[in-house]
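Working notes for the structure below.
Please treat every number below as a calculation from the coordinates, not as lab data. Please read these numbers as outputs of a predicted model, since none were measured by experiment. So basically every Cβ, Gly included, is an ideal-geometry build from the backbone, and we count neighbours across all protein chains shown.
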Amino acid sequence: MNPPEEHRIPLGIRPTNGFPFTAMTIDDSTMMRKLLIQILRGEGFEMIAEADSGRSALEIYSTLGKKPDFIFLDVEMPEMNGIETMAELKKINPQIKVIMVTSITDESCVRTLVELGISGYVVKPFKREDLLLRVARILGRNNYQPT
């Protein structure tokens, strides 16, 4: 028996029109940004920007003609942490979907992020499947299975 059509559509492609979702990564670790970009591109996402700090992320975001549908954001960064960055991004675009990708599991930090309106939370180190399933839930693609 063949799986429903939705299972065959890459996660980063909109089932309604075939266009890709756009994404931005913000992490001070080059290795983590490259890993996220590789995973997301492999699922059809259009990676439109990346930044190594919250401050540079806000500058880059403000200059983008096409805004990202998703932002993958680390909490622990020098200069301006992920919580401060997210608060500023939410002021600019309250509807932005932000997925925190961090090693921090502190309850008060998570509570603050929830209050700010995070869309999802993935703990480092993570498995590719865990990240993709979190995104799938946000998109309402509950039957999605990573391959």
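Does residue 45 satisfy the condition of being among the aromatic types (Phe, Trp, Tyr), within 29 Å of residue 8 (Cβ to Cβ) and touching a Pro at 6+ places or on another chain (Cβ under 7 Å)? Yes: the conditions hold for residue 45. Determine if the range 111-121 includes at least one residue that is touching a helix residue (DSSP H, G or I) at 6+ places or on another chain (Cβ under 6 Å), closer than 24 Å to residue 41 by Cα and in contact (Cβ under 8 Å) with a residue 12 or more places away in the chain. Checked against the condition, which is being touching a helix residue (DSSP H, G or I) at 6+ places or on another chain (Cβ under 6 Å), closer than 24 Å to residue 41 by Cα and in contact (Cβ under 8 Å) with a residue 12 or more places away in the chain, the range 111-121 yields at least one hit. Residues in the range 10-30 that are crowded, with 16+ Cβ neighbours inside 10 Å and β-branched (Val, Ile, Thr) were compared, and the one that is farthest from residue 147 (Cα to Cα) is 26.
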